[in-house]
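*Asks:* Got a structure for you, questions after.
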Amino acid sequence: MENKKSPIALRIISLLLLIGWMGLIFYLSHQNADESSHLSGGLIERVVKFVFPNMAGETLESLVASLQFIVRKGAHFTIYAILGVLSFITFVTYNAMPIALRSFLSFLVSVVYSISDEYHQTFVKGRSGELRDVLIDSAGAMLGIILSLIIYLVYEAIKKRGSTKMRKKQYIELTENLTQRLKSEKQINDELRAENDALNKQLAELREQIIALSNTEKTAVNAEPVVPQTQTVAEPEKKTVSFGEIELSSGVNDGAKIIGKIVLSSAEYCNKLTDVGASENAKELVNLILGRTEVAKGEVLRLSNLDIDPKERYLAMERELCEAEDYFKSVMAQK
């Protein structure tokens, strides 16, 4: 069964036409024998005179009489064929019912009305109800319903074909859109994976550098000569750490540690973004974190070279680390 909303407007119009046509049939059937014969005979006579203008007299009367039976029965057939069409149009609007049931109900209404019409004629002067007329009426109604059913099925087939083509077109467009989106997401995933690998590589190198730097500090401290208490040794203006042939000031040493913390934190947040999945803005957020990391590294390097109190310099570097951390957290909140 179909589940569609019935066209109320069509149902009302077709029902009014059906009732109106039944009223016309009732009016014609209510005419007595003389009125009905005069009506049909007059129409036949006009048609014959139109076709044969010179025909008159007994020849015309004989021809009219011989044609009257055929015309009256043909009128019965045609009138009920139209009744069957109107009845079918009325019931076809009830989409919840199968089409076979709607067709049967249309035919049943036509046949029942034909029987009631013939019964009605038994009360009209000079007229009678005949089973033959019921059969003629029913045949006319059946023909009208069959023709209407054929037209309806053809219409539904054309509409279904058009709907199928439309759905097929929409399916193709949807498939193409999904394919393009998958390609785009795959490209984003590949880019994020490459950036993540690069970050992991940088992180590993930085860890090795920090470990080496720590080991160098320990070596430098252990290798420092012992000075007798009676000997006065002037303290150097800046504390240095030996790293092979490179002398690192305390500011550069502190800056390296702070930069290491910034890069480690940046890498952890970037890993979290890529672990969440390739969202639409993941690449953009990673770029924001990397950009802020570079800014923070540059600021720490600038501070490490300033000739100021070491404690103030270290606190300024710590503030830069905290600001970078806060920025990373705000970026993560946008994922």
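None of the figures in this text is laboratory data; all of them are computed from the coordinates on show. The model shown is predicted, which means the values in this text are computed figures rather than measured ones. Every residue, glycine as well, gets a Cβ built from its backbone with ideal geometry; the counts of neighbours run over all protein chains shown.
*Asks:* Which of K272/K297; K169/K283; K201/K329; K168/K335; K186/K272 have a Cα-Cα distance over 25 Å? Walk me through the intermediate numbers first.
*Replies:* Numbers: K272/K297 21 Å; K169/K283 34 Å; K201/K329 23 Å; K168/K335 36 Å; K186/K272 18 Å.
Over 25 Å apart, Cα to Cα: K169/K283; K168/K335.
*Asks:* Treat the count of other C-beta atoms within 10 Å as a stand-in for reagent exposure and order Y113, Y152, Y27 from fewest to most. Let's see the in-between values first.
*Replies:* Numbers: Y113 21, Y152 16, Y27 9.
Listed from fewest to most nearby Cβ atoms, that is Y27, Y152, Y113.
*Asks:* Using the beta-carbon distance between K160 and R181 and R0 = 41 Å, what value does 1/(1 + (r/R0)^6) give for FRET efficiency, to the nearest 0.05?
*Replies:* On the way: r = 31 Å, r/R0 = 0.75.
With R0 = 41 Å, the Cβ-Cβ based efficiency is 0.85.
*Asks:* Order of S128, S265, S106, S304 from fewest to most other C-beta atoms within 10 Å? Numbers along the way, then the final one.
*Replies:* Details: S128 10, S265 18, S106 27, S304 22.
Starting with the residue having the fewest Cβ neighbours, the order is S128, S265, S304, S106.
*Asks:* At 0.36 nm per residue, minus the direct Cα-Cα distance, what do E323 and L17 gain on full extension? Give it in nm, one decimal, please. Walk me through the numbers on the way to the answer.
*Replies:* Values: separation 306, 0.36 × 306 = 110.16 nm, distance 8.26 nm.
Separation in residues times 0.36 nm, less the Cα-Cα distance, equals 101.9 nm.
*Asks:* Something else: What is the sum of charges, Lys and Arg at +1 and Asp and Glu at -1, for the other residues whose Cβ falls under 12 Å from the Cβ of L315? Each step should come with its number before you reach the end.
*Replies:* Values: positive: K311, R313, R319; negative: D254, D309, E312, E318, E320.
Computed value for this residue: -2.
*Asks:* Based on other C-beta atoms within 10 Å, arrange F328, F123, F77 from fewest to most. Show your work: numbers first, answer last.
*Replies:* Working: F328 22, F123 10, F77 18.
Sorted ascending by nearby Cβ count, the order is F123, F77, F328.
*Asks:* Oh, and also: Suppose each label sits 7 Å from its Cα in the direction of the beta carbon; what would the I115-L135 distance come out to in nanometres?
*Replies:* Rounded to a tenth, the inter-label distance reads 1.7 nm.
*Asks:* Multiply the residue gap between Q170 and D197 by 0.36 nm, knock off their C-alpha separation, and tell me the result in nm, one decimal place. Don't skip to the end; give the middle numbers.
*Replies:* Numbers: separation 27, 0.36 × 27 = 9.72 nm, distance 4.01 nm.
Separation in residues times 0.36 nm, less the Cα-Cα distance, equals 5.7 nm.
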